[in-house]
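**Q** Can you keep this structure in mind? I'll have questions shortly.
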Amino acid sequence: MRKRAKTLPGVTRRQVLTWSTLGVAATVSQVADAVSLKGSPGWTPFSDNPPETYPQQGWLFFTDAEAKTIEAIVDRLIPADDLSVGGKEAGCAVFIDRQLHGSYGTFERLYMQGPFQQGTTEQGDQSPLVPRQRYRQGIAALNRYVQQTSNKNFTDLTPQQQDELLQAMEAGKVHFSDFDAQSFFLEVLNNTMEGFFADPVYGGNREMVSWKMLGFPGARYDYRDYIERHNENLHFEPISIAQWKAKD
């Protein structure tokens, strides 16, 4: 026997259906107004959540020695070639430094009270350590490992030796005595890619080098006039968030 849906006392089914119809109509109308642009937008991009930017020069989180190690790593993860500059020149280490100095470095927007247990691959890292701790401890563990195995620092290794070590870390074939080498590699790899392709306002992708390489036009506000223009080089110069904010 199928149960009937209940309504509030004193309210008829016809009234409920009428209210639902009016609610849907109002929602559709509001959405239509929201996506219809009439002249300039009536809002300022990122006014509610501005990007974290730091005009200071120099390293904000890394020590000089730590920065040198990270610059060496990002340059092996993204080596310079005929398509673009390497990770160091593209500002990937600067991007990571700024991220660690900001809210990402402390995971201030994430729940970090535990319990901390081993997660599945889909759940990602469940470590109680925040990125600042991971980088500081990971860099130190990496250099201790290199010193123990070759009596050098990571930056003193040849490019080929650096590649071989990073590949072994990625494959889980290297184990630091006091830190997870594979998880450290993966975090640096992900942050390096973010720094290479992110908006330059965050410190990486210097002079929009990766966007120019890909032909990506950047943070332009409106593409509706070009949606139907397929397989056509529009010769757009990339625009960054900083350039948009400068227009406001």
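The values are calculated or read from the model by the stated rules, or taken from the named source; none is laboratory data. Bear in mind that the values here come from a model prediction, so they are computed numbers and not experimental data. Cβ atoms come from the backbone with ideal geometry, glycine included; neighbour counts cover every protein chain shown. Only protein heavy atoms, including side chains, enter the accessible area calculation; ligands, DNA and RNA are left aside. Shrake-Rupley method; radii C 1.70, N 1.55, O 1.52, S 1.80 Å.
**Q** Would you please give the residues with an amide H less than 5 Å from that of G204, counting only those at least 5 places away or on a separate chain, with H modeled from the backbone geometry?
**A** Those qualifying (amide H under 5 Å, at least 5 residues apart or on another chain) are F95.
**Q** For G218, enumerate residues with amide H under 5 Å from its amide H, sequence gap 5+ or separate chain, H modeled in the peptide plane.
**A** Close amide H contacts, sequence-distant or interchain: I239.
**Q** Given a 1.4 Å probe and heavy atoms of the protein chains only, how would you sort K152, K173, largest accessible area at the top?
**A** So the residues, ranked largest to smallest area, are K173, K152.
**Q** Let me cross-check V209: its accessible surface, 1.4 Å probe, with only protein heavy atoms counted, in Å² to the nearest 10?
**A** 30 Å²
**Q** Here's a follow-up. So, R0 is 35 Å and r is the distance between the beta-carbons of V130 and T158; what FRET efficiency does that work out to, to 0.05?
**A** Computed FRET efficiency for V130 and T158: 0.60.
**Q** How far is it, in nm, from the label point at T121 to the one at D178 when both lie 7 Å from their Cα along the line to the Cβ?
**A** 3.2 nm
**Q** Something else: At a threshold of 8 angstrom on Cα-Cα distance, excluding pairs fewer than six apart, so keeping six or more, what relative contact order does region 134-210 reach in percent?
**A** 22 percent
**Q** Using a probe of 1.4 angstrom, how much of the accessible area of region 57-187 is carbon and sulfur, in percent?
**A** Percent of accessible area from carbon and sulfur atoms in region 57-187: 46.
**Q** On to the next question. How big is the Kirkwood radius of region 160-199, worked out from every pair of different alpha carbons and given in Å to one decimal?
**A** 10.8 Å
**Q** Out of region 107-191, which GluC sites (Glu not before Pro) are coil in DSSP terms and have no more than 10 other C-beta atoms within 10 Å?
**A** In loop regions of region 107-191 (DSSP not H, G, I, E or B), the sparsely surrounded GluC sites (Glu not before Pro) are E108, E122.
**Q** Just subtract the alpha-carbon distance of E108 and Y54 from 0.36 nm times their residue separation and send over the number in nm, one decimal.
**A** Stretched fully, the E108-Y54 segment lengthens by 17.6 nm.
**Q** Please list, in order along region 203-211, the HN-Hα scalar couplings obtained from phi with the Karplus expression 6.51 cos²θ - 1.76 cosθ + 1.60 (θ = phi - 60°), rounded to whole Hz, x for Gly and Pro.
**A** x, x, 6, 4, 6, 6, 4, 6, 5
**Q** Right, here's the next one. In a shell of Cβ-Cβ distance under 10 Å around Q162, excluding Q162 itself, what net charge do Lys and Arg (+1) and Asp and Glu (-1) give?
**A** Residues near Q162 contribute -3 overall.
**Q** R220: accessible area at probe 1.4 Å, nearest 10 Å²?
**A** Rounded to the nearest 10, the figure is 60 Å².
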